[in-house]
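**Student:** One structure, as structure tokens, below. Some questions next.
The values are calculated or read from the model by the stated rules, or taken from the named source; none is laboratory data. Values in this document were obtained by computation on a predicted structure and should not be read as measured data. Cβ placement follows ideal geometry from the backbone for every residue including glycine, while neighbour counts extend to all protein chains displayed.
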Amino acid sequence: MISRTSAYALEAAIIIAARDGERVTAAEVANELDLPANYLSKILNAMARARLLESERGPRGGFRLARDPGGIAIEDIIGLFEDIGSGRRCFLGRGKCSDTDSCAMHDRWKKISGPMFDFFHDTTLDSLVADRRRKTKAAR
């Protein structure tokens, strides 16, 4: 459904958010995700350029959220790496579909794409961190 890069960005954001403001290095996150640090560093730097993360260099440097996780929707993260916000684009690539000028897939795609885009918009980073903590606690 989403690219690997978007999935890694989302997982990294959850890890960083779970640290409650503590700076986390790209190497630490890469180790937890079992990814090459240089690849993850590019993802994290893109998130910093978008002002989702703060970045600081040096021995005490690293990344942390730039704003409250309740104000970061997963569309904010995934949208940096792929075009997820254009739910009005035609599923078959015709450009924009409308109810009056639509492709053969339009009615079916409209029924499922609306809730999917709502999910990307309504699901916040803090809710994912809370889910992760509950699952970790339950597994103990």
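**Student:** Of all residues in segment 30-77 being hydrophobic (A, V, I, L, M, F, W, C) and part of a loop (DSSP other than H, G, I, E, B), which is modelled with the lowest pLDDT?
**Tutor:** Checking each candidate, the answer is Leu35.
**Student:** Listed residues Leu128, Leu80; which is aliphatic (A, V, I, L, M) and in a loop (DSSP other than H, G, I, E, B)?
**Tutor:** Leu80
**Student:** Moving on to the next point. So which residues in segment 109-125 are assigned to a helix (DSSP H, G or I) and touching a strand residue (DSSP E or B) at 6+ places or on another chain (Cβ under 9 Å), if there are any at all?
**Tutor:** Listed by number, the residues that qualify are Phe120, His121, Asp122, Leu125.
**Student:** A further question on this structure: Which residue pairs have Cβ atoms closer than 7 Å, lie 6 or more positions apart in sequence or on different chains, and pair a first residue in segment 58-79 that is farther than 16 Å from His121 by Cα with a second residue that is outside any helix (DSSP H, G or I) and among the hydroxyl-bearing types (Ser, Thr, Tyr)?
**Tutor:** Gly62/Thr25; Phe63/Ser55
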